[in-house]
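Here's the structure we're looking at; comments come further down.
The values are calculated or read from the model by the stated rules, or taken from the named source; none is laboratory data. Computed from a predicted model, the values in this text were never measured in an experiment. With ideal geometry, Cβ positions are generated from the backbone for all residues, glycine too; neighbour counts draw on all protein chains shown.
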Amino acid sequence: MQGAEILLQPGVFPRLLQGLWVTVWIAGVSVGVSIPVGLVVGWLMTLKNPVVRALMRIYLDFIRIMPQLALLFLAYYGFARWFDWNLDATGACVLVFILWGGAELGDLVRGALQSIPKVQYESSYVLGLSPWQTFSRVILPQAVRRLLPASVNLATRIVKTTSLAVLLGVVEVIKVGQQIIDANRFQYPSGTLWIYGVIFFMYFIVCWPLSIVARQLEKRWSHD
Amino acid sequence: MTEPAQFNTDNAVNDEAVTAFETSAPSPSSDCKGFEVRHLVKQYANADKPVLNDISFKVEHGTVLVVLGPSGSGKSTLLRTIAGLEPIQGGTISINDQVIDEGRPGTEKAGRSNRSSALRTRIGMVFQSYDLFPNKTVLGNITMAPLLVQKRDKAQVEAEALKLLDRVGLADRKDAWPHELSGGQRQRVAICRALILHPEVLLLDEITAALDPEMVREVLDVVLELAKAGQTMLIVTHEMQFARAIADHVILLDGGHIVEESHDAYAFFAHPQTERARQFLHTFEFE
Amino acid sequence: MVFDWSFVARYAPFFVNGTLMTLFISVFGILLAIVVGLACAGIEIARVPVLRQIVRIYIELSRNTPLLVQLYFLYFGLPKLGVVWSAETCAIVGLGFLGGSYMAEAMRGGLEAVPKVQRENAYVLGLTPMQSITHVVMPQAISTAIPGIVANVIFLFKESSVVSAIALADVMYMAKDLIGMYYSTYESLFMLVIAYLVILLPISVLGTWLESRFDYARR
């Protein structure tokens, strides 16, 4: 296994971890902001107003049909020229992930809200609950159960998609890996294999627990 | 409470009904004809006692046995073992003195009995959940097994299927998909699907239990017609009126045993012999 | 904002070539994914010992890592082990590796959704195990699995945009190249959007048609 020593070089692992932190930071901020955005989008999607509905439909369909990489290019190259808005690469990534996450989460929120049977509202009404009590005590807890597993899965997808940031030049874990490979090109020619292997497992270690959590939630809540 | 369906308890055979269904099962020529279960034992792998313990009975050719019992008494398991869906661990199952399944210990974990395709077609079964094959039309559902298993002629099979559908009042729905039918209609098609194989014994496992009340009658009427036409049947049901009307022979199961057996259905329902049977029948009364 | 139609006209052929490359990589990658998915679903359903554990590990690895890293590993990493594949091969293998797990999950879901009583009915009617699978279980499983499979196909077409990162001249690569060379942001991004619409809209329509064609088991 020649080449593996590259991983033991001083600074290599800490630098990769720093890069991973950037990845996780971008994903974390995006997911965090996506949640309120998604809630609002989901609520807008349930409105009867035809204009709002049509706009939301176009928004969701456009986000869904375009590859995330294309959206990243649109934001990075397009926004700078169209709005004179000099977004740096990290900003473009976060923006795209929020728009994407907001749309997907919004659709999940819409589905969860609409899947709650009308009789739940009716029995709350008959029991004398106020509209706010109905929403917070009856509807929301049920909606969250339907929402949470899919939302955790969405978070996993966002973490994975963060890898595309390297193509806009963001210095995250893959970019750091490439820098390490370049710097050690002559000393450790087969370092490429090891560095990419380590990055592969770093993503796995971040995403896998999320997948397990999502699966557990799904299993526990699918029975009621 | 809706009025319970009334069935004609008079056993006089109606001539028209006899011709309604052609049963191809051989006519009784000797007294050994019929279906028999001897000392049947069904044991599951992780259970401490058998679900069915030493069950024996005989159903004469052309007669109807109704199996009664509280839930968990093993009635459905009995029908499933007879159909071969569960291997048995003791005893025998035979048709016309030919043993088709023999109990073997050590099969507690096995999924199915290992009886052949041809043997399986001799025993028909209709289940409680009214699932037809959703990927086939009504006609496709009925003709599938005769074409695939018995390799019969397609034109002949289709003609017979149409005749059967006509008998159950569904001739005009032959090209419908299962999802377009009501539960009662699906059960009637399921009965045709079983009959086209000319089974010597037909097993009906609570076939109306999952149906809406207004559809129960249309299905049970078909079964009554079948009985009049001489189809040998084993029926598990919770419809007591129907049971009384159709049964030639009744057994009451409880805890995996036969607690009462009677060849006079009227007497069984009017004057049960055991305390257990009285209790059981009492749960269906509301006076 | 000035939109230069002559630029679009001049460089449209590049995008046509790029679209063909995207189609080429995606179609073969998806076919590979379906084959891998079928094999994995079969192994899981049949509970083949050992292989089943390997399939589980593969599915977890494939679903929890990004395609870009998988491609870099294949394209830059593997040659160090003496395995030198062309960019096209890496892209197809990468898509197959990623998509295989998604396809396997969709297919397994379809198979598991067939009610037990359907198999029991087939058994009681005398069908052999093989007839039961081909005439009863498979048609219903396919029907339930199709929406998931169609969603995966669309997902993989979109994911294929990542292959531009290993210097494959797909539509994404063309757009990036033209923006880099001429700073023709509007026109290039416009053509990029059109190219993806041209690829994905028919697939999405075809998918909807397939779903309605096979939806007997879900009604």
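Scan the range B:123-142 for residues that are hydroxyl-bearing (Ser, Thr, Tyr) and either surrounded by fewer than 22 Cβ atoms within 10 Å (Cβ to Cβ) or facing chain C (nearest Cβ under 9 Å) (or both) and the total you get is 2.
Table: residues versus (1) of a type in the set (Val, Ile, Thr); (2) outside any helix (DSSP H, G or I).
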position	(1), (2)
C:SER6	no, no
C:ILE25	yes, no
C:PHE28	no, no
C:ALA39	no, no
C:ARG47	no, yes
C:THR65	yes, yes
C:LEU78	no, no
C:GLY99	no, no
C:MET107	no, no
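Does A:ARG137 satisfy being touching a Gly at 6+ places or on another chain (Cβ under 8 Å), away from every other protein chain (no Cβ under 13 Å) and among the basic types (Lys, Arg)? Here the answer is no, as A:ARG137 does not meet what is asked. Look at the range C:109-135 and say how many of its residues are assigned to a helix (DSSP H, G or I), within 7 Å of chain B (Cβ to nearest Cβ) and touching a Ser or Thr at 6+ places or on another chain (Cβ under 6 Å). Result for the range C:109-135: 1. For the range B:34-71, a residue qualifies if it is out of contact with any Ser or Thr (no Cβ under 6 Å at 6 or more places or on another chain), outside any strand (DSSP E or B) and not small (Gly, Ala, Ser), and the qualifying residues are B:GLN43, B:TYR44, B:ASN46, B:ASP48, B:LYS49, B:PRO50, B:THR63, B:PRO70.
Quickly run through the range B:178-216 and pick out the residues that are over 22 Å from B:ARG120 (Cβ atoms) and among the acidic types (Asp, Glu). Passing the criteria: B:GLU180, B:ASP212, B:GLU214.
Kindly establish whether A:ILE158 is farther than 20 Å from C:LEU67 by Cα, assigned to a helix (DSSP H, G or I) and touching a Gly at 6+ places or on another chain (Cβ under 8 Å). Considered against the rule, which asks whether it is farther than 20 Å from C:LEU67 by Cα, assigned to a helix (DSSP H, G or I) and touching a Gly at 6+ places or on another chain (Cβ under 8 Å), A:ILE158 comes out as no.
Please tell me if C:LEU74 is of a type outside the set (Val, Ile, Thr), facing chain A (nearest Cβ under 10 Å) and surrounded by 21 or more Cβ atoms within 10 Å (Cβ to Cβ). Yes. Using the structure shown, decide if B:SER113 is touching a helix residue (DSSP H, G or I) at 6+ places or on another chain (Cβ under 8 Å), within 10 Å of chain C (Cβ to nearest Cβ) and modelled with pLDDT under 90. Yes.
For the range C:161-186, residues that are touching a residue at least 12 places away in the same chain (Cβ under 8 Å) and within 8 Å of chain A (Cβ to nearest Cβ) total 8.
Do the conditions hold for C:VAL124, that is, is it crowded, with 23+ Cβ neighbours inside 10 Å and closer than 28 Å to C:LEU23 by Cβ? So C:VAL124 fails the test.
For C:LEU23, are the conditions met, namely being closer than 30 Å to C:MET138 by Cα and out of contact with any His (no Cβ under 9 Å at 6 or more places or on another chain)? Yes. Does the range A:140-153 include one or more residues that are within 26 Å of A:SER211 (Cα to Cα) and at the interface with chain C (Cβ under 8 Å from one of its Cβ atoms)? Among the residues of the range A:140-153, not one is within 26 Å of A:SER211 (Cα to Cα) and at the interface with chain C (Cβ under 8 Å from one of its Cβ atoms), which makes the answer no. When we screen B:ARG167, B:ARG120, B:ARG152, B:ARG173 for residues that are in contact with a Cys (Cβ under 9 Å, 6 or more places away or on another chain) and either surrounded by fewer than 19 Cβ atoms within 10 Å (Cβ to Cβ) or not hydrophobic (A, V, I, L, M, F, W, C) (or both), the only hit is B:ARG167.
The numbered conditions (1) under 30 Å from B:HIS198 (Cβ atoms); (2) out of contact with any strand residue (DSSP E or B) (no Cβ under 7 Å at 6 or more places or on another chain); (3) free of Cβ contacts under 8 Å to residues at least 60 places away in the same chain; (4) of a type outside the set (S, T, N, Q) are all true for C:PRO139 except (3). Kindly provide the set of residues from the range C:45-59 that are closer than 19 Å to C:GLY110 by Cα and under 20 Å from the mean Cα position of the chain (by Cα), ordered by number. Correct list: C:VAL55, C:ARG56, C:ILE59. Tell me, which residue of the range A:143-164 that is more than 13 Å from the chain's Cα centre (by Cα) and surrounded by 17 or more Cβ atoms within 10 Å (Cβ to Cβ) is farthest from A:PRO10 (Cα to Cα)? Checking each candidate, the answer is A:ALA143.
Sort out which residues of the range B:176-185 are away from chain C (no Cβ under 12 Å) and either surrounded by 16 or more Cβ atoms within 10 Å (Cβ to Cβ) or touching a residue at least 40 places away in the same chain (Cβ under 8 Å) (or both), and write them in order of number. Residues satisfying the conditions are B:GLY183, B:GLY184, B:GLN185. Residues of the range A:177-224 being assigned to a loop (DSSP other than H, G, I, E, B), more than 9 Å from chain C (Cβ to nearest Cβ) and either farther than 16 Å from A:ARG146 by Cα or of a type in the set (Ser, Thr, Tyr) (or both), which ones? Answer for the range A:177-224, where residues must be assigned to a loop (DSSP other than H, G, I, E, B), more than 9 Å from chain C (Cβ to nearest Cβ) and either farther than 16 Å from A:ARG146 by Cα or of a type in the set (Ser, Thr, Tyr) (or both): A:ASN184, A:ARG185, A:PHE186, A:GLN187, A:TYR188, A:SER222. Out of all the residues in the range C:40-54, is one or more within 14 Å of chain A (Cβ to nearest Cβ) and over 29 Å from C:ALA169 (Cα atoms)? Checking the range C:40-54: not a single residue is within 14 Å of chain A (Cβ to nearest Cβ) and over 29 Å from C:ALA169 (Cα atoms). The residue pairs whose first member lies in the range C:119-136 and is more than 12 Å from B:PHE133 (Cα to Cα), whose second member is crowded, with 23+ Cβ neighbours inside 10 Å and not hydrophobic (A, V, I, L, M, F, W, C), and whose beta carbons are closer than 6 Å, counting only pairs six or more residues apart or on different chains, are C:GLY126/B:ARG120. Only one entry of C:LEU206, C:LEU189, C:LEU200 meets the criterion of being closer than 30 Å to C:GLY109 by Cα and at the interface with another protein chain (Cβ under 7 Å from one of its Cβ atoms), and that entry is C:LEU200.
Filtering the range C:1-38 to residues that are buried (at least 18 other Cβ atoms within 10 Å of the Cβ), small (Gly, Ala, Ser) and closer than 21 Å to C:ILE179 by Cβ leaves only C:GLY18.
Kindly establish whether C:ALA41 is under 18 Å from C:GLY100 (Cα atoms), hydrophobic (A, V, I, L, M, F, W, C), at pLDDT below 95 and buried (at least 16 other Cβ atoms within 10 Å of the Cβ). Taking the combined requirement at face value, the residue satisfies it.
Kindly evaluate C:ILE149 against the criterion of being in a helix (DSSP H, G or I), free of Cβ contacts under 8 Å to residues at least 40 places away in the same chain and more than 10 Å from every other protein chain (Cβ to nearest Cβ). Criteria not met by C:ILE149.
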